[in-house]
Every structure is written in structure tokens, then in C-alpha cells.
Amino acid sequence: MARFAVRRIANMIFVLFAISVLTFLIFYKIPGGDPVLRISGRTAEPAVREQVREDFGFNDPVYVQYARMMQKTLNGSLESYSNRVNVREELIRGIPATASLVIGAAIIWLFFGILFGVLSAVYAGRFPDRVITIVALIGISLPIFWVGALLLYYLTYKVSLFPAGGYVPLTEDPASWLSHLILPWFCLSILFIGFYSRLLRSNMLDVMNEDYVRTARAKGLSERRVLLGHVMRNALIPIVTLFGLDFGAAIGGGAILTESVFGLQGVGQYVAESIGSLDLPPILGTTLYAAFLIVLLSAIVDIVYARLDPRVRLTA
Amino acid sequence: MSAPLLSVSDLHVSFATEEGTVKAVDGVSFELDAGEILAIVGESGSGKSVTALTLMGLSRGPNAAIEGAVRLGDKDLVTASDDEMRRIRGERIAMVFQDPMTAMNPVYKVGDQIVEEIRAHEDTSKEDARRRAVEALRSVGIPNPERRYDNYPHEFSGGMRQRAMIALALALEPDVLIADEPTTALDVTIQAQILRLLEQLNQERGLAVILITHDLGVVAEVSDRSLVMYAGRVVEEGTLDDIFYDPQHPYTWGLLGSLTRLDRPRPRHLPSIPGAPPSLIAPPEGCHFRPRCPHEFAKCVKVPPLESRLAEHPDHCDRCWLEPEVKRERRVVEGRIGLVAGAE
């Protein structure tokens, strides 16, 4: 376990380093990404621009610029080029909204994903399975921005059931927090419910054909016990991996569409705005934040996986 | 004579598939006495495994049609409810499967899998069930059963896993053990150990065993009586001596002819039965072996009944229309029993 932790942490540092270099280079080279324009404004005199270029060190070699930016990233003084807002503060400001959205949605998508997956597998080929399959495929196919817009139009504009976007902290007003999040939760879960139920269905059907399930029946266990103790127990293992990575990506700012459609002002929306304005410091900050969460969660997934499947040994 | 422990009469099992109805078991009847080892021999698709699963109530399903009777004591296992069948499984009739590598759930400890079975049938404490599971592991020759209890299946070798499967099957002391190709996935020395173990359990506990196999060598090792199955039907039934020294059905000759023997000169080519087993959706009319049989004649289009054609051996039955004298003459190929000569 200690060996695993050490190797995994070394691994993590390397991955984050590689991602930071790649992100830096991509947005350093990208056409129209010149930071001078963002700092000095588009109408500035050429002399002013030159001054800015010199003052901010944009004439230095690339690696010096990279090192300077990473130093700022690590000590928390990284600032946006376009509005001089501190990246770390902005990220921290967005985390509660993103966490509320993603944790809530994750509970919903896991619950319904598993429920529909099990029903679908148990009734494979019969009516409930067919209905769930169609619903799941619709869920997978619907674009979030379209569902979101539709929900906002009908449930907030036509009938004022829910507030029209925005985020209210839980500590401020729990009821309002809930009413602001219901539609985003629904929207973000639909896609995942579709994926998870399809995946669990096929996993369960595979496991049902395993010899050990036949053994479980031959032991005289009840159907319920066979299903829960033997089929589900094994079919859920791959779901754990998928969930860890999906959850990490979404909480790392991957729920861009949902956050933007509902104006949640979370990490995802911050990511979208930064990329929209080609603003390198926040892009780098949010990318590293997301990468960190994904790498961390995949390590957690590996640990959980080894707990769930005794054949797996932890070797990073 | 006392009533047999288990009696199967005119069992038919068919499965509806997209291509048509597969008649997997087509009128199988046999009896099993307490303390007997009965071998069911046949190739893949002969219906031997489906017969076994049907005895366990495990071939039931929306696409399966099961007819006939399987009597265990005063219970008919064909008409028993699912819940009755669930209680009978493990408690009165248990099964060991072919591949011990995949027959145990990889995520549970071996001992816990036995405890799970005990506690599914009996309202007993965890401690008591654990003690009995350890005893079951000990009784099948697993060394250090207290320690091995806490191992996972992948920490057992193949032979040990098959022993553990037998321990699992016998934990509730059933009357009948069905062993479906229990040695096929094991290497030869381990095969012999597992067969010895089955024999020992049979002798010490009076356990009745149905041994399903395609390997006549396995049959010769342990069985008292054998059924030879072909395409869903029993084609010959008799004692070990009957089957090996006086086989009456050409299919049995073919099986015996394709054995290699260490005490005979090595043939240049191994004789095999020409052709392939028939489709079970549209099997040939009459004798199912007819299309592959060099001794076919006009009468074979009618199904031969399974009956004794030997006055001196009323328990040696077969499904072939030929006269016993003709059979004894025709079954000798290259100086030994066989169906066809080894191809050059």
C-alpha cells in the first residue's frame, strides 16, 4: 500500500507536469492568443503594446515564461490576462456551485442508472427492457443545451415553477438552493442515466451467464440472493471505474453545458468563459485543477477496485 | 427390491430457439440406487448435461419445455414448484461442474461460499456454519482447512478448487451428487485424485453419484453402471463389463474404437466415428445414429426401443435392431472392438 501510494503520487506529478506543458504550449501558440492584446486592449498604441510585452516578459524564451507562470500557479498569484482577476480565488468561488450540481446529479444518476439497468437486465428482451432501452437511448441522444433550454422555456418562463438559472449557496437559503438545482440536476443526470443503465444491463447479462451464477443457483439460493449477492456484486465493479472518472471530470469543470445553460457560475462555466476568451492563465489553472481531480479519483478508483475484486493487486 | 433413490422416466427436454425447437433430451429413462455410481457417457450435444441440469431444476426457463417424470423419494422434480426445487438443490441433490476455475464466485472467500449455502437452507449461526464449512473442506482432503477457509478461489489450484466445489456440493449431505465432467478441466494426475475422492465419498457415505463424462477412461475408473447417450437418447445401458466387453450399440463400438490404449500398438491414425452428430432440431427419423452407421439397414428408419436383447443379461439394454450374434461379429475391427478401421 505504501509503495502503491508513493508510485501513484510520482505518477500523478508527472501527469500534471505533462498536462501543464501541453496546455501552456497549445495556448501560447494558438492564433489570436496573444496575451498583449488582452492586457493592453485592442485599441492600444503600438508603443504601449511593446511596453506591455516587455514588462510582462513576453519577449523572454518560452521556458522562462512557462516557469514564471507555473510559479504563479503554485503560489496562487496567477491572474487573468483580460481582467486581472485571481484565478485561484475565482476557482474557489465556483467550487460550491459545481460540487452542489455534480454531487446531487451523481446521486440521481447512480440511483436511476442502477435501477433501470437492473430492471432492464432482469426483464431482458421483454416489455420493461424495451421501454427502458428506448428511454435510455433518447437520454443519451438528447443534447444537454437543448433539454436545458426546453426546461427553462417551459418550466420557468411559461410556468414559473423554477427560478430562471443562477445559484444560491446552501448555507444562505436551502430551499432556494434546491429549487435552483433541480433542473440542472435533471439535465446533467439524463445522459449518465442512459449510459449507466445500458452498461449495467450488458454487464449483468454477461455475469448471469457465468458459471458461478449457475453454482449459486445450484446451491439453492433464492433468486433475489443470486441476483444481489452474485450478479450485481460482480456487474457493478466496472461501474465503479466509470463513475469515478465521470464524477472527477464533472466536478473538475466538465459540466460546462449544464453550468452555462443554467448560469450556475461554477467551475465549468469559468472554464467555458476562459476558453472563449483564450485567456491562458485561467485555462491553465482550471485544466490543472480538473486534471488533478481526475488523477486523484482514478487512484481512488483503483483502491476501491482492489477492495471489490480480490484478484486485483495494487501496483501502480 | 427396494425403490430406487432417483428414477427418471421418459424425460423430454426441448428448447425453443430462433431456428426451431431443439430436442435436447428425447425420452431418457434410468434409475439410480442409493450408493451407486452411474456414469452418463456421450459427446457434446448428446443431452447428458441438459439431463443433469434438469434433475437440478436448472434447465427451467421461458423457452424450455420439460416432460416426463424425475422422482426423488416421493417428490417429482419436474412438477415441483420453483421454491420446492430451490430447497431440494444443495440439500438433497447437488452438482459439481466442469470448470472449477470459473465455478466459484471470484469475489467471495471459498469458505464463505459454503457458509452461504448452509445458511440458505438452515437457520443456523454463522459460527456453526463456519465450523461445518471447515469440516466440509477437511472431508474432501483440503489441508489446513481453517486457513484455506479465508482464501479466495484464485488462491486455490485447479485440483484444490474442484475439491472445494465438491465440499460445497456435499456441505448439506445430499443423497445424490451430479458431477458434470468434473475432471475434464484438470490435468491427468489431478483427475485421478478427484475420481478417487468421489469413489471414497461414495463408499464412506453411501453417496449416490451421477458422473457425466465423455471420457470412457473416467467411466472405467469408477462407475458401477453406465448410460451411453447419443443425440438426446440413451442408446445403451449396462454394467461396466457389459459396456466395455460386450457392447451392443454401434455408437458404443465407435467410442471404444476411438480410445487409445497403452497396451496396444499405436495406430497410425486414431479411428474416429465418421460424420457429425445430427441436428437436434430436425434429427433423422428412426435411429438417430443411422446416418453415421455403416451397419444401417431397412429396419433402422423405425426407432429401436431401449430394451435387452440378451436373454442372459436382462439389465443390459440397447437401441439397435441388429441381432446380438450379428453385432458380436460386426463389432470386431482390426482384431478389436470398433466401428470403422483407422484411416490410412
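Rule-based calculations on the coordinates, nothing more; no lab input. Just so you know, these numbers come straight off a predicted model, no measurement behind them. All Cβ positions, even for glycine, are placed from backbone atoms using ideal geometry, and neighbour counts span all protein chains on display.
A compact table of results
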read-out: Share of alpha-carbon pairs per 20 Å distance bin for chain B, given as whole %; value: 29, 56, 15, 0
read-out: Cross-link partners of B:Lys302 among lysines (Cα-Cα below 20 Å; sequence separation of 8 or more within a chain); value: B:Lys23, B:Lys327
read-out: Gain upon complete extension [B:Arg205, B:Asp315; 0.36 nm per residue less C-alpha separation]; value: 37.0 nm
read-out: Taking chain B and dividing mean pair separation by its residue count, relative contact order in percent (alpha carbons under 8 Å, at least six apart); value: 18
read-out: 0 to 90° range, to nearest 10: angle between helix B:158-170 axis and chain B longest Cα axis; value: 80
read-out: Paired Rg and Dmax values of chain A, which use every Cα atom, in angstrom; value: 23.9, 86
read-out: For B:Met104, distant residues with modelled amide H under 5 Å away; value: none
read-out: Rounded Å value of the spacing that divides the Cα centres of region B:112-166 and region B:1-51; value: 30
read-out: Positive-end residue, region A:1-141 charge dipole about Cα centroid, Cβ charges, pick of A:Gln65, A:Ala124, A:Ser141; value: A:Ala124
read-out: Potential lengthening between B:Arg266 and B:His154 on full extension [0.36 nm per residue; Cα-Cα distance subtracted]; value: 36.4 nm
read-out: Calculated FRET value between B:Glu43 and A:Ile107, using beta carbons and R₀ = 51 Å, to 0.05; value: 0.45
read-out: Nearest 10 degrees, 0 to 90: helix A:174-208 Cα axis against chain A principal axis; value: 50
read-out: Label-point separation in nm, B:Asp187 to B:Glu67, each point 7 Å along Cα→Cβ; value: 4.9
read-out: Chain B, dipole about Cα centre (Lys/Arg Cβ +1, Asp/Glu Cβ -1), debye to the nearest 20; value: 740
read-out: The protein assembly as shown: Cα Rg divided by the 2.2 N^0.38 Å rule of thumb; value: 1.36
read-out: HN-Hα J in Hz across region B:172-178 - Karplus 6.51, -1.76, 1.60, θ = phi - 60°, x for Gly and Pro; value: 9, 6, x, 7, 10, 10, 9
read-out: Lys, Arg +1 and Asp, Glu -1 on Cβ, resulting dipole of region B:246-337 about Cα centre, debye, nearest 20; value: 440
read-out: Cα lying deepest toward the dipole's positive end in the protein assembly as shown, options B:His313, B:Phe97, B:Thr252, charges on Cβ; value: B:Phe97
read-out: Ranking of B:Met229, B:Met85, B:Met95 by count of other Cβ atoms within 10 Å, fewest first; value: B:Met85, B:Met229, B:Met95
read-out: Karplus-derived HN-Hα couplings along region A:103-111 (A = 6.51, B = -1.76, C = 1.60, θ = phi - 60°), whole Hz, x at Gly and Pro; value: 5, x, 5, 5, 4, 5, 6, 5, 4
read-out: Region B:250-336: C-alpha gyration tensor shape, a/c 1.5 cut-off, then a/b vs b/c; value: oblate
read-out: FRET efficiency for A:Tyr63 and A:Leu170, using Cβ-Cβ distance with R0 set to 45 Å, rounded to 0.05; value: 0.55
read-out: Residues with amide H under 5 Å from that of B:Leu11, placed H, sequence gap 5 or more; value: B:Gly27, B:Val28, B:Ser29, B:Ala69
read-out: Mean-position separation - Cα centroids, region B:195-218 and region A:57-128, in angstrom; value: 62
read-out: Mean-position separation - Cα centroids, region A:15-41 and region A:129-197, in angstrom; value: 34
read-out: Order of B:Glu36, A:Glu45 under a 10 Å beta carbon neighbour criterion, fewest first; value: A:Glu45, B:Glu36
read-out: With Cα atoms, 0 to 90° folded angle of helix B:126-139 axis to chain B main axis; value: 40
read-out: Which of B:Asp76, A:Asp309 has the fewest Cβ neighbours within 10 Å, and the rest in rising order; value: B:Asp76, A:Asp309
read-out: Within region B:99-121, backbone nitrogen closer than 12 Å to the virtual label 7 Å beyond the Cα of B:Arg131 toward Cβ; value: none
read-out: Max mean-square fluctuation residue, GNM over chain B, Cα-Cα springs under 10 Å, options B:Ile118, B:Ile40, B:Ile212; value: B:Ile118
read-out: Two-site label geometry, A:Leu74 and A:Leu16: point separation in nm, points 7 Å out along Cα→Cβ; value: 1.0
read-out: Check: region A:1-105 dipole with +1 on Lys, Arg Cβ and -1 on Asp, Glu Cβ, in debye; value: 540
read-out: Gain on full stretching of the segment that runs from B:Glu329 to B:Thr17 - 0.36 nm per residue minus C-alpha separation; value: 108.1 nm
